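Below you'll find the structure, written out as structure tokens, and then a few comments.
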Amino acid sequence: MNEIKKLNEPVAGQELVNLQIPPEQSSEPTSDLVAGIFRRWYIVLLVFLLICGAGLPATLFLVKPIYSVTGAIKVAPIIADIMTDEGDHGGISNYESFMNTQAEKVTSSSVVQRVANALVDKNLSFFDTEPAGLLTKWKQKLLGTTPKPEIAARLKQAIVGEKSIVVAADRRSELIHVTMQTTKPEEARQIVDAFITAYMDIEVLSAVEGENARLTLLEDRRKGLYEKIDNERKTIYQLGQEYGDIVLEGRQEMMRERVIALLDRLTAVQLDKISLEAQVQLLERSTERAIAPEELLRMRQEYINQDPTVVAFTNHITQADQELISMRLILQPENPDLKRKAELLETLKNHLKQREQEASQAFDERVTKEIAEAGHKELVAARSKLDETTVIEESLRQAISEEDTETITVGRKQLTIQELQETLEFNKETYASVVRRIQDLELQRDRPKRISVYYHADVANINDKRIKLSVAVIFGALVCGMGLAYLRDKADLSLRTPDDVAKRIGIRIIGTTTSLHTVKPALLPEQIVGDYQTIRANLGLVGDKGIPRKLVITSPGMKEGKTTFAVNLATSMAESGKKVLLIDGDLRKPDVARLLNLPKGSRGLQDVLCGVKFEQAVYSMASTGLDVLAADFDNAADAYEMLAMPATKKRINTISRKYDHVIIDTPPTLGFPDALMWAKIGGAAILVSFAGHTTMPDLKEAKDRLAEINVKVLGTVLSSVDAGHGYYRHHGYYTQSAQSREAAVGHKRKLMFSMEEGADDGKDSETPDGGVTTDV
């Protein structure tokens, strides 16, 4: 017993970890980035070698220096006038537009065709067609024919498609540059000079043709204007011949005055007619019957209303009243003009009333007189005079109509003459301007040309990009390799070290088990015992009461070593002198009985859950002192229903009182709900993860699911970790005596033997922690 206690004490090199839950880190620091790239160094090297091996030779042998061959055409912005020695000061924008237009002309189809005709016999390699096949070459050789290159099409392709021939106006000077970029400068000189020569030939011919066309157009315009001026003069003469003058304003004014006089005369005649009509009516009534009072009153009123003075006063009063209203809207009430206007209106109203009274008295006197006379002779005379007045009125109306028509006719002729005179003056000015322009063009033919050759083609620049491209290839290869390595490392979500778990998930790390590939076989037993002692020590530090009585062992997924860890942990606790019960809670795929070589048919857990006494179902291992409650496959389909029974939790709690610790192996948390049922029964759980296999999302999801049902997750144990990253580092038998070393070796052999008992099954595979990994 003393030997067991010594073995349970911390071994030299055993490391107790900080059991506080580290916070999750949302971003990856630069050190992790560099570490990820160094972890995938082979990817960086492979990509670097591949890219450099292909890129550098291609850059050195395939890339050739590019020669820029340039010729220039000068376009003067100002042309001196031959008469005045003054230039055509066109705007800068017009000059730029002209330069751009000339640059476009250099690459026009007509210039390109002239260049093609000039270079057709030069046998330049620039115009060589694509290499033909072997059969095509033999056929051409036998027939004595060679394909003629399409020079014009090749030049167009170089200008539009390849952009190897560029014609552009230089805004900082008066030059249009014709530039060709090629690897053969001599051929480029011939092609650029051909472009300049062809353009100049076409431009000189175009300038002559343009001047002739402008002169022809101006001459036609001059003749047309001359004919228009002559026709307009003849038309004006004909219009003025009828009246003997082309200025008809005086005649038109005289005719307007005559019309006004006739209108005044017509108004006076109409007044006399109204008076005579009233007189005739009175005479007719007085000879036939006495006039009734009502009729007399009506006649009096009509007489008053038809009185010219009353009518005039009424019109003046109406006009004055309207003006007064308008002035009140504009002027202030105390304005003198407003007061004078009001007084004038009141005076007019008084005069109107006085005139109405006078007219009424005149009517009464007239009626009395006519009634008194009432003679037939007077009535006949009145009627005769009324007829005469009517005839005069009709004559006046006819005369006014004739005068008005003649006045309008004269006015229209005057407007026509004025319009023709204005048009004539405009055409005269235009005619004079056209004549001057013709004279200028005829004189300007001898002035110096605006466009000339500034210099012929020559090499202006050499661009060798091979050094820059080589550096770029090397740098790009390195960047691509590092980027691919980083992406490959970033895409790997598996957990490899305790630091990965702490940084990415933030879950407590209870301990680690070491991979057998990183430890010498002679040191492996010591390493395994040390790992589990570290785990037990850390479990004891998790809570105030030490290791929980009921402890559930689960994992996020399958093949992560949880069953192996449960068996080893239970065995280690039992060897330390604790009374431990191991329950195989994975009813869907139980493996504890097979691992520990228990008798076939051992199904202690199902028997206990079905009511069998615990003492009859439990199996005790004499070699380790471990009690096992195994299971089999008979109730795999009813696993959840059996665990969900209310009596299950009660039975497990009753059994746990008999032991110091109860270790429960469960199915994967993310695979089946059984694990959550067991975790709820146990109250505390350990998540087992396998280095390089368990991924961050799975472990985090398993942790969250357990937290959702208020299960205390003590932490995680990372299995198969490299020795350099483990929580126990082997340092040999630093303080042990010979006797204690022999006892420790015997204890290690017992622990390893208990795990190796189940290693004969070919379905299992050896795990790096020295036990057996099942298919769980």
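The values are calculated or read from the model by the stated rules, or taken from the named source; none is laboratory data. The model shown is predicted, which means the values in this text are computed figures rather than measured ones. Glycine gets a Cβ as well: all are built from the backbone with ideal geometry, and neighbour counts include every protein chain shown. Just so you know, the surface numbers come from the protein's heavy atoms only, side chains and all, with ligands and any DNA or RNA stripped out. Shrake-Rupley method; radii C 1.70, N 1.55, O 1.52, S 1.80 Å.
Miscellaneous remarks
- Extent along principal axes [Cα atoms of the stretch 293-390; Å; largest to smallest]: 63, 30, 19
- Protection proxy ranking, highest mean first, for peptides 381-388, 300-307: 300-307, 381-388, where packing is the per-residue count of other beta-carbon atoms within 10 Å, averaged.
- With a Förster radius of 60 Å applied to the beta-carbon distance between GLU425 and ASP170, the computed FRET efficiency rounds to 0.80.
- Apolar share of the accessible surface for the stretch 238-314: 54 percent from carbon plus sulfur atoms, 1.4 Å probe.
- Whole-number percent relative contact order across the stretch 147-302, with pairs defined as alpha carbons under 8 Å at least 6 apart: 7
- Neighbourhood net charge (14 Å Cβ-Cβ; Lys/Arg +1, Asp/Glu -1) for GLU186: 0
- Grouping the Cα pair distances of the stretch 655-728 into 5 Å bins from zero gives a pair-distance distribution of 3, 14, 24, 23, 16, 12, 6, 2, 0 percent in increasing distance order.
- Listed values for the stretch 609-618 are Karplus-derived 3J(HN,Hα) couplings in whole Hz (6.51 cos²θ - 1.76 cosθ + 1.60, θ = phi - 60°), namely 5, 8, x, 6, 5, 4, 5, 7, 9, 6, and x replaces Gly and Pro.
- Out-of-range pairs (alpha-carbon distance over 18 Å; input LYS550/LYS712; LYS273/LYS349; LYS234/LYS428): LYS273/LYS349
- For the stretch 608-714, alpha-carbon Rg relative to the globular expectation (2.2 N^0.38 Å, N residues): 1.17
- The amide H of VAL688, built 1.01 Å from its N in the peptide plane, has THR554, SER555, VAL717 as neighbours under 5 Å, considering only residues 5 or more places off or on other chains.
- Taking Cβ atoms as reference points and 12 Å as the exclusive limit, the residues near ALA702 contribute a net charge of -1, counting Lys and Arg as +1 and Asp and Glu as -1.
- Applying the Karplus relation 6.51 cos²θ - 1.76 cosθ + 1.60 with θ = phi - 60° to the stretch 333-346 yields 3J(HN,Hα) values of x, 8, 5, x, 4, 5, 5, 4, 5, 5, 5, 4, 4, 5 Hz, where x marks Gly and Pro.
- Sum of side-chain charges, ALA168 neighbourhood, beta-carbon under 14 Å (Lys, Arg +1; Asp, Glu -1): 0
- Using a cutoff of 8 angstrom between alpha carbon atoms and counting only pairs six or more residues apart, the relative contact order for the stretch 224-357 works out to 18 percent.
- Summary of packing: across the peptides 472-483, 239-250, the per-residue average of other C-beta atoms within 10 Å ranks them, highest first, as 472-483, 239-250.
- For ALA457, the residues whose amide H sits under 5 Å from its own are ASP193, ignoring neighbours fewer than 5 places away on the same chain, with H placed 1.01 Å from N.
- With only Cα atoms counted, the stretch 524-597 has Rg and Dmax values of 13.0, 37 Å.
- Contact order, relative form, for the stretch 293-388: 38 percent (alpha carbon pairs under 8 Å, 6 or more residues apart, mean separation divided by residue count).
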